[in-house]
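Okay, so here's the structure we're looking at.
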Amino acid sequence: MPVWKLHETLFDVAATIDTFVEDGCWNELTGLDTVPWDEADPEEAWLENDQRLLKAVRTFLAKYRAVQGDMTKQEFLRQKDQYNNGRDAVLRWFKARLGVWNVRVRFIGVLEENGMGPYRVMQLNKAQKARPSHRCTSTLTHLHSQLPSMEQCQVNSQYTNIARELFGDAVALENSNLLVMWAPQVIGRMTAWVWHGEATRIKREIGQLEKEAAELDQKWEAVIKNPTSRSIKAYVKRMENKIAISRKFDNGVVCQAFERQLQRVADLRTQMEDTTVNVPGLPKQVFEAIRLLANEEEVRALTTELDLILSDEVADPIEINVDGADAPEMDWGTGVEEYEGFSEDELWAMLGRAKEKTIPFFNTAEAATGVHDPWSPKGIEAMTATDAVPLRPHWHQLIGVVKMLDNYLRGDPTLLMDGVGVGKTMQVVGVVCCLAFFHAHYAQHGHFPGKFANIKYHREGNTPSEPTLIVVPVALERQVVSEIHRYVRPKTFDLISYTSSVRGAKGAAFWEAVDNFAQPPERQIIVATNPAVEKDGAELFTKLTDRPWNLGTRRQRKAATLAKAKAPTVYNRHWSLMICDEVHTMRRVNQLFVAVRGLREQAGGMIGMTATPTITNALDLASLGRLLGVDKFSDDHFAVLDEFRKSLGRAASQDRKNRKDADKVGKKGKGKKAAKAASQEPKGQGNAESVSQEPIQRTFTLLTVQPRCISAVINGNPTSADGMSLEVANPPASAGGALF
């Protein structure tokens, strides 16, 4: 039988399974409360011309519901007859919204989180040629040369996880992993179609790789014949544009041709580090051309390009989806109210810097142009030039530093939620520098400086002599490193980036370099990208998949050889402080969440930074609270959150019923004109407001989430009496994160 298409499957279940809509599965998938042909709230575009299309859709729907058997249904969906108008309208409606509902992305995401994504299958099976699963045989030869079928990959083991991701918890029987009766067939159809599409797409990608590899060989021959810096840079740029596809497969069978390309890039990168000796395997003509690169900036630019190619990372998407309608509206305050009455001089005194009025180890000026790296010889010279610009924190940034030090020494995490451009990075780097200063002060005097003189770290003593870890999305790694160079004086801290290109086989050499840093551990900063941390975590921990909403505990995969497994990863040492940038992207319980949550056990403190939080309900708040280590969000206290989740699900179901009942009562006996007017209300709202969910959200947030989180939150910029801060006391959600 031909494979069911995604939009056909979703139409079929919405049209024939009443409980699919009534139990909230439809709402979970689409965000809508009613199907497009519903009497209470039909699709607006179908109401034109005296509801001609709506009538055609309903006529087709009635006929379809009378058809028996999958084969007959599928034939009826694809044939041409007197029902074409209704059939085409409703199928187009579903097909057009697949992207909006992110069906394929969510589907593949579940498989990837559980190590069963198509690319992972290709890697494990050394697959070379992908093809649709319904043709794949079970022979070992085919298993190694083609994308195996979904049956061979046992994708059905993920049916429950996929169903929960798409349709919510109502798709499973209470307190079990068993699906309701209609779900296995629906998920099976969807799997067949998605797997078919992935196989076709991967096959096309491999064909492109083979063609591109041949063209790159020709480009390299041209470089050898005419080895100028320009031709080398052109070759590197061409590689950068194509290598990401090759990295997805990550095996010698598919990527054999690209291994040559990668080796050339590695040789070029090695040559860039030392231009005095020709690297073996690199043509002498190319070696001579590299030696003639114009200047330091040109060398650094080409080196950066080579590093990007050698990395197997892709930039994280920036997710901005703040939905104020779903989030409880309540005042979280600024989080620093206790300091708003203090002047800037008093804040400096609190830090033990009343005389210097500078953050320890910070630059006091920056170059007027910003052309050179502040840690380079020319950058250092520019910072001392006559036209250099003073660099000092604002009043509100000093308050942020003091508050975060308060939380850190007390053993509490911080969620820093200042808006874009307010200087969050300066504040957290200021905390790192202050902690290094505090450690030295305590070692010399037996106490911390300023207002912290009578406080001990975690009530025990000095801060740990351990490095700082900053976890960032790939797209922000260079920016964060650049900002640290801007703020911190050269040669006072050691700084290095930990990316996927230096982990794994190269991990031992990387950590050996860290161990040989010139500065003491408390003055070392490692900037690690999300994928690098996630992959390290995957070596040690497995996400529990009994329920997608369950944050659970982590299982250690290699308990017997844990030290050996940790050695080449970020888990090989303790960290004085871990800072997570764009922390709102970590609220979903996936492998990155588990990796960071596990790493938190080895950190002396946690700071999360965000300017655009994607938070739409109280469980998002709870998830971030658990990640950061907010008190009473541990496994021992999570039962109340599960109960809230169930209550919210019941309330959502009641809301749908209330709206439907209200619509029926309001339209009874009022004729076509009233029905048309009612149908033109905003889709998914109906005539009755969401009266059941909102009180539960607010009550739960006010009584459970807010009391637990509020001490950890720095939200917006307070206003001082001397007027030295930004004039935003408590910004609205659109101005930078007041939703938390």
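The values are calculated or read from the model by the stated rules, or taken from the named source; none is laboratory data. In this text the structure is predicted, and so the values were computed from the model without any measurement. Quick reminder, even Gly has a Cβ in these numbers, built from the backbone with ideal geometry, and neighbours come from all protein chains shown. Accessible surface areas use protein heavy atoms only, side chains included; no ligands, DNA or RNA. Shrake-Rupley method; radii C 1.70, N 1.55, O 1.52, S 1.80 Å.
Numbers at a glance
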read-out	value
Amide H partners (placed H, <5 Å) of TYR498, local residues excluded	VAL527, ALA528, THR529
Extension gain from THR276 to ALA475, taking 0.36 nm per residue of separation minus the Cα-Cα distance	68.3 nm
Listed peptides 525-531, 28-34, 584-590 by packing density, highest first (mean Cβ within 10 Å)	525-531, 584-590, 28-34
Phi-based couplings in Hz for segment 186-203 (Karplus 6.51, -1.76, 1.60; Gly and Pro marked x)	5, 5, x, 4, 5, 4, 4, 6, 5, 5, 4, x, 5, 4, 5, 5, 5, 4
Share of carbon and sulfur in the accessible heavy-atom surface of segment 465-521 [1.4 Å probe, %]	51
37 °C / 0.692 mPa s Stokes-Einstein diffusion coefficient of segment 57-122, Kirkwood radius on C-alpha pairs, µm²/s	230
Viscosity 1.002 mPa s, 20 °C: Kirkwood-radius Stokes-Einstein D of segment 1-79 over Cα pairs, µm²/s	157
Whole-Hz ³J(HN,Hα) from phi, Karplus 6.51 cos²θ - 1.76 cosθ + 1.60, for segment 496-510, glycine and proline x	8, 9, 10, 10, 4, 6, 10, 8, x, 4, 8, x, 4, 5, 4
Amide H within-cut-off set for PHE362, under 5 Å, with H built and near neighbours excluded	ARG489
Ratio Rg/Rh [Cα only; Rh per Kirkwood] for segment 442-528	1.05
HIS7, HIS394, HIS447, reordered so the largest accessible area comes first (probe 1.4 Å)	HIS394, HIS447, HIS7
Label point at LYS80 placed 7 Å out along Cα→Cβ; residues across segment 1-34 whose backbone nitrogen lies under 20 Å	none
Packing-based ranking, highest mean first, of 18-24, 367-373 given that Cβ atoms within 10 Å are counted	18-24, 367-373
Whole-number D in µm² s⁻¹ for segment 375-532, Kirkwood Cα-pair radius fed into Stokes-Einstein, 10 °C, 1.306 mPa s	92
Principal axis dimensions, largest first and in whole angstrom, of segment 400-458 by Cα	39, 19, 14
Out-of-range pairs (alpha-carbon distance over 20 Å; input LYS424/LYS456; LYS233/LYS378; LYS403/LYS456; LYS491/LYS535; LYS403/LYS491; LYS456/LYS491)	LYS424/LYS456; LYS233/LYS378; LYS491/LYS535; LYS403/LYS491; LYS456/LYS491
Ranked packing of 263-273, 428-438, most packed first, by mean Cβ within 10 Å	428-438, 263-273
Estimated vicinal HN-Hα couplings, Hz - segment 591-608 in sequence order (Karplus 6.51, -1.76, 1.60; Gly, Pro = x)	5, 5, 4, 4, 5, 5, 4, x, 5, 4, 5, 10, 10, x, x, 10, 10, x
Residue-level accessible surface for SER343, protein heavy atoms, 1.4 Å, Å²	40
